[in-house]
Amino acid sequence: SHTLHSPQCSVIQGGKLSGTLYTIYTNEIPLLHKLMNTVHFDFVTQTPHCTHTGISHTTVNFVDDSTNLISSHNALHLTLYLTQFYTLLHAYYTINKLKINADKTELLITCKPHLRHLAHTVTMQAHNHTITPKDTTKILGAIINTRLTLTHHFNTLIQSINHRMHTLRHI
């Protein structure tokens, strides 16, 4: 093989160590939200922090997919928290020479049926992008909707199976 020259801080995608090295770089992300109400937020983001109360936050990582489960009873507080958390996350990624693809960042709001009218008021600023809530999102291959049912996912799966069965019948 020919030798490939790569930037000083990079990992070849699909390489044997790429998952391990990515995990080392991002090992602290599930704990990052704990900096939100501290002066450490100010230092990392170079912006003043706000005190967020009534927010519950859990982060789940699977290799390079990160899902944040954030809950609040107040739509305005949630909007502010989401924007500031994205600012913190972006600063952390920049410090570690990683990149967030804001085009792939999605927001799914779930709530009780009588509060659905408030769900569309929650947005998130991701630098130049305004992220608005979607009706469905894909998490690790499963399509989830705002009611937390897998109806769309099952319909897609059934459609795929029917197509394959049809193809097999013709063979």
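The values are calculated or read from the model by the stated rules, or taken from the named source; none is laboratory data. What you see is a predicted model; the values in this text were computed from it and never measured. Positions of Cβ are generated from backbone atoms using ideal geometry, with glycine treated the same way; all protein chains shown enter the neighbour counts. Please note that ligands, DNA and RNA were not included when accessible areas were found on the heavy atoms of the full protein model with its side chains. Shrake-Rupley method; radii C 1.70, N 1.55, O 1.52, S 1.80 Å.
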Heavy-atom accessible area of the stretch 24-127 with neighbours in place, 1.4 angstrom probe: carbon+sulfur share in percent works out to 60 percent
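Rounded to the nearest 5, what is the percent of antiparallel bridges among the DSSP beta bridges in the stretch 100-149?
Values: 7 of 9 bridges.
Around 80 percent of the beta bridges assigned by DSSP in the stretch 100-149 are antiparallel ones.
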Nearest-0.05 FRET efficiency for Ser1 and Thr47 at R0 = 45 Å, using Cβ-Cβ distance, is 0.45
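Taking square-rooted eigenvalues a ≥ b ≥ c of the alpha carbon gyration tensor, is the stretch 41-150 rounded, prolate or oblate, where a/c under 1.5 means rounded and, failing that, a/b exceeding b/c means prolate?
Numbers: a/c = 1.93, a/b = 1.26, b/c = 1.53.
Oblate.
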Restricting to aspartates and glutamates and to Cα separations under 20 Å from Lys104, and discarding same-chain partners fewer than 8 apart, the set is Asp64, Asp65, Asp135
Interchain or sequence-distant (5+) residues whose placed amide H lies within less than 5 Å of the amide H of Ile139 are Ile144
Placing +1 on each Lys and Arg Cβ and -1 on each Asp and Glu Cβ in the chain, then taking the dipole about the Cα centre, the residue among Leu80, His2, Gly141 whose Cα reaches farthest towards the positive end is Gly141
If the chain between Gln125 and Asn74 were fully extended at 0.36 nm per residue, the gain over the current Cα-Cα distance would be 16.6 nm
Given a 1.4 Å probe, the accessible area of the stretch 62-171 per residue, as a whole number of Å², is 71 Å²
Percent antiparallel among DSSP beta bridges confined to the stretch 1-155, nearest 5, equals 90 percent
In the stretch 46-171, taking the dipole from +1 charges on Lys and Arg beta carbons and -1 charges on Asp and Glu beta carbons about the Cα centre, the listed residue (Ile158, Leu98, Thr59) farthest towards the positive end is Ile158
Computed for the chain: size of charge dipole around the Cα centre, +1 on C-beta of each Lys and Arg, -1 on C-beta of each Asp and Glu, debye to nearest 20, value 500 debye
For the chain the mean separation of alpha carbon contacts under 8 Å (6+ apart) over residue count, i.e. relative contact order in percent, is 14 percent
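Could you give the DSSP H helices of the chain that reach 18 angstrom or more along their long axis (alpha carbon positions) and whose average Kyte-Doolittle hydropathy is no lower than -1.0?
Details: long enough: 75-95 (30 Å, 0.75); 151-170 (29 Å, -0.85).
The qualifying helices are 75-95, 151-170.
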